[in-house]
Amino acid sequence: MGDDAAGYRAALAVCASGMKISDVNALSAEAFVARFGGLYEHSPWVAEGALKARPFADVDAMLSVFAQGVRSAGAEAQLALVRAHPELGHRAGIDPDLTEHSASEQASAGLDRLTPAEYERFRRLNDAYRARFSMPFVICVRKVAAPGKAAKTVIMDEMERRLAGTPEQELTEALTQIDAIAGLRLKDLVTA
């Protein structure tokens, strides 16, 4: 696991003691990046860019600054951010760069407990998606829900649906999903 996993663990420890937005605003630049650099997978540059916007009024304002930094970063940086995300549905131990964030989020959707047939479907879909868009499929697994369907099935169905999109549509959608992931991670760390 990378440095962002260590930052996430440190931030969780602070959160357990009741981190508030005033605590966030009082952090040194180094501590801020250590705590929030992992919100966007392997991309501490997003947190570094948000530093100059402090003080934040609240968690939503902070997330808005992070998202705006991504949107203004340019296509190359955006694509690198998307490519920093892991493929979904890998067997445990296959992806040595899988962060604690991603491992936990994928486990919450049952992606760590795939049947051989599900694993094969994920592999085929991941391969097709990467071949078409030159990036991994990204979805906020913690927000996946459909009555009567397992999250992993909903995710695979969404992968199939999104294969019909254009590269521009998929980059936009991936960034929207990444913002949703970061938003949930941030709300896990900052209580108000």
Within the range 168-190, residues open to solvent by less than 20 Å² (accessible area, probe 1.4 Å) and among the small types (Gly, Ala, Ser) come out as 174, 182, 183
Find all pairs meeting these conditions: Cβ atoms under 6 angstrom apart; at least six residues apart or on different chains; first residue within the range 160-187 and over 14 Å from residue 75 (Cα atoms) and at pLDDT below 95; second residue open to solvent by 60 Å² or more (accessible area, probe 1.4 Å) and among the charged types (D, E, K, R). 184/142
What number of residues in the range 137-153 are more than 18 Å from the chain's Cα centre (by Cα) and open to solvent by less than 30 Å² (accessible area, probe 1.4 Å)? 0
Counting only helices (runs of 4 or more DSSP H) entirely within the range 35-95, those with at least 1 residues that are among the aromatic types (Phe, Trp, Tyr) and at pLDDT 95 or above are 45-50, 59-71
With the requirement that a residue be touching a helix residue (DSSP H, G or I) at 6+ places or on another chain (Cβ under 8 Å) and within 23 Å of residue 121 (Cβ to Cβ), what does the range 170-179 give you? 170, 173, 174
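The values are calculated or read from the model by the stated rules, or taken from the named source; none is laboratory data. No experiment lies behind these values; they were computed from the predicted model shown. Don't worry about glycine lacking a Cβ; one is built from the backbone with ideal geometry, like all the others, and counts go over all protein chains shown. When the accessible area is computed, the model is the full protein with side chains, heavy atoms only, and any ligands, DNA or RNA have been set aside. Shrake-Rupley method; radii C 1.70, N 1.55, O 1.52, S 1.80 Å.
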